[in-house]
Every structure is written in C-alpha cells, then in structure tokens.
1. In the range 58-74, what residues are aliphatic (A, V, I, L, M), closer than 17 Å to Leu94 by Cα and surrounded by fewer than 20 Cβ atoms within 10 Å (Cβ to Cβ)?
2. Go through the residues of the range 310-326 one by one and say whether even a single one is within 20 Å of Ile24 (Cα to Cα) and surrounded by fewer than 21 Cβ atoms within 10 Å (Cβ to Cβ).
3. Does any residue in the range 327-349 that is surrounded by fewer than 16 Cβ atoms within 10 Å (Cβ to Cβ) and in a loop (DSSP other than H, G, I, E, B) come within less than 8 Å, Cβ to Cβ, of a residue that is at pLDDT below 95 and not hydroxyl-bearing (Ser, Thr, Tyr) six or more places away or on a different chain, and which pairs are these?
4. Any idea which of (1) away from the ligand (no atom under 13 Å from the Cβ); (2) touching a residue at least 60 places away in the same chain (Cβ under 8 Å) is the one Gly59 doesn't satisfy?
5. Of the numbered conditions (1) in contact with a Lys or Arg (Cβ under 7 Å, 6 or more places away or on another chain); (2) touching a residue at least 24 places away in the same chain (Cβ under 8 Å), Val174 fails exactly one; give the number of that condition.
6. Just checking, which of Ala153, Ala218 is surrounded by 22 or more Cβ atoms within 10 Å (Cβ to Cβ) and touching a Leu at 6+ places or on another chain (Cβ under 7 Å)?
7. Determine which member of the set Val95, Val80 is closer than 18 Å to Leu139 by Cβ, among the aliphatic types (A, V, I, L, M) and either touching a Cys at 6+ places or on another chain (Cβ under 7 Å) or away from the ligand (no atom under 16 Å from the Cβ) (or both).
Amino acid sequence: MAARASLDDPGIYELDAEGMGELIAGFPGQVREAAELAASIRLPGYRELPRGVAVVGMGGSAIAADLAAGLPRQVPLLTVRGYALPPFVDQSYLVIASSHSGDTEETLAAFAEAGQRGCARVAITTGGRLAEQAGDAGLPLVTYSYAGPPRAALGLSLLLLLGTLERAGLRPAVDLAPVLAAVEEVASRCRPESPSGSNPAKQLAGELPGRIPITYGAQHLAAVARRWKGQFNENAKSFSAWEELPEADHNAVVGYEHPRRAPVSLILLESQEYHPRVALRLAATAELAAERGHPVHRGRAQGRGPLTEMLSLVHLGDWVSYYLALLNGVDPTPIPAIERLKAALADQG
Ligand code: PA5
C-alpha cells in the first residue's frame, strides 16, 4: 500500500492551485471586516416587527441562515432552500435573499415570490441579477465584494445577515471580541505551518481518508454539523452526512449495523452549552457507535457562548475538510459537479 502523503510536507500544498488555504486562513480577518461592513447597513424603518424571517438561499449562502437560526433572536427564522416559499410566509414576514453570486435560480424565484406576496425584502449579495432586481424594486441591498467561492465567504454572509437582523430590531448587537479571539486561536493551531503533532485539524483529517465522515451536532451546533458535511463534499470531494442530536438517538443509531464494516467515521461536535441531557446523549451515542465498530472523533469548540463555539468549530471544520482534500489528492477549490448542473439547468431555459 502506498504511504500516505504528509500534511507537513510543503509539496502537498501544490494541489491547492487556486489558494483555498489562504482563503480559509483569512477567515478571522473576514469576520472582522464583515462586522465593520455590517455596521453600515441601513434599513427602512419598519412599522412593526415581522412575525417571522425567511432567508432564501442555497448551499454556501444558505448555511449562514441555519447558523443565525441557532442564535437568540426575537422571531422565528427559517431557511428556505428551494424555488417556493412555504404557504404561511405572508406580508407579515421579512424575506432576506442570501446569494453570493446573485444568480442562483432557486433563490431568485423564491425572492420574487416574496415580492408577489407583499413581504418586506432585503437582498445580501455580491451582485448578479439579485442586485439588479433589488435595485429596480428599490429594496434594501447589502452588497459585498469577495474574490473567492461562496463557501469561503461565510464570515461575510453570516455577519451581514446578523447585521441585517440587528438593524431590523430582531436581535441584539453582540461583542465580537471573544468570538474573534477563539477563531484566531483555532487559526493559529490549524494553519498549514502548525505541525501535525499539535494541529487538531491535520490530526482529524488524517483519520478520514477512505471513510465517510458523519458529523453530529445539537442545538446551535446542528448547523455547524451541516457546514462540516458541505465542506467535506465541496472541498474534499467526499461523500459525507450530518446528524442532529437528540433526534439521531431516535433513528440513526439503529442503522449502525448495516452494511457491515461500512467505512463511516462519526465526528461529534462538543459544546459547553448543550442541555445536560444532550451532553449525556452525546457520550452514550459515542459508546454505541464504538461498540458497533465505528471510529468516533470529537470536534472541540474554542471559547464560550453559542456564536463563539459556532465560529470556532466552523473554522476547525474548514481546515479539516481542506486537509482531507489534500490527502484525497484533490484541489479543494473547483466544484465542477455543481457548475455542470447549473449549466445543464441554464440550458433548459
Ligand atoms: O458552495 C457553492 O458554490 C454552492 O453551494 C453555492 O453557494 C450555491 O450553489 C448557491 O450559489 P450562490 O451562493 O451564488 O447563491
């Protein structure tokens, strides 16, 4: 069997031809810049609070909404991934479109439908047709520039979404200093120059080649588990899945038996914020999976508080997926399968 390439060998980074490592390393700075940009968001004075918020978006632009839904806010927030809004979204809702390119057809369709239903609307994007349509309709438009793919712009899409919710009176402003300190700590431990012996991202990635990572999270970290799954897919070009506790204890655990020797590895995201019974469940679930012969790994958050835990674990997961890409022998950046599907659909009109 060929020896596995080492993540401490500078040569392996030649695979990263488009510089995903630099984009990931830029995450703390991106969060800081995004917070400054968010402070300049201006919204019309809405007469009353909306009954709920629907964020329409897909993929790397939708995950910001899932994360925001795990944080304290005044009204329910749902993520709409698709062409149509749920029937209950009416003029009492605020609908926010989140699309990096501004050209994602599902997002454009759902946002247009929100206009027909008389919802208040805001667009967050780098441009595209979404910016044009929001401009033509005189809607609040939160724009940003970023030279990288949507999934690497999560600091921007999330902080701008949180800023929009703050400006709409739907959540309090947060002190980002402890969040940034935790993210910077993860950045310094996980960067490529940090050797495998003291680099938790390299260590975890080293356990995953040839396996299907299934990431488990609960409460505010369920969305982070979903983010890890997406990053394993897009960066490492790997099958991956995610599960939410306690729900997984009511179905997923039964499936640990077949197929025999399934090449899965569980990654459990830990939190100091979990309900005590959820923490017990995490330990019991790990024990069950290990008894069934499945490797179990942990993702440990840095710092305290939901947003700090979220972003420190998002950053850890980004690095793990990056290193797994390199161990899989692939360039983390290109996503030809997504582009092919978008082109195929565009050809259909
Ligand atoms: O990561 C990606 O590139 C995708 O998941 C995109 O985010 C998704 O296709 C939606 O595109 P956009 O973010 O431009 O709306």
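The values are calculated or read from the model by the stated rules, or taken from the named source; none is laboratory data. In this text, all values refer to a predicted model and were calculated from it rather than measured experimentally. All Cβ positions, glycine included, derive from the backbone under ideal geometry; neighbour counts span all protein chains shown.
1. Ala69
2. no
3. Filtered contacts from the range 327-349: Gly329/Ala5.
4. Status for Gly59: all satisfied but (1).
5. Among (1) in contact with a Lys or Arg (Cβ under 7 Å, 6 or more places away or on another chain); (2) touching a residue at least 24 places away in the same chain (Cβ under 8 Å), Val174 violates only (1).
6. Ala218
7. Being closer than 18 Å to Leu139 by Cβ, among the aliphatic types (A, V, I, L, M) and either touching a Cys at 6+ places or on another chain (Cβ under 7 Å) or away from the ligand (no atom under 16 Å from the Cβ) (or both) holds for just one of Val95, Val80, which is Val95.
Here's the yes/no breakdown for (1) away from the ligand (no atom under 16 Å from the Cβ); (2) within 21 Å of Gly305 (Cβ to Cβ); (3) among the charged types (D, E, K, R):
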{"residue": "Ser188", "(1), (2), (3)": "yes, yes, no"}
{"residue": "Arg191", "(1), (2), (3)": "yes, no, yes"}
{"residue": "Ser196", "(1), (2), (3)": "yes, no, no"}
{"residue": "Asn199", "(1), (2), (3)": "yes, no, no"}
{"residue": "Glu207", "(1), (2), (3)": "yes, no, yes"}
{"residue": "Gly217", "(1), (2), (3)": "yes, yes, no"}
{"residue": "Ala225", "(1), (2), (3)": "yes, yes, no"}
{"residue": "Trp228", "(1), (2), (3)": "no, yes, no"}
{"residue": "Asn235", "(1), (2), (3)": "no, no, no"}
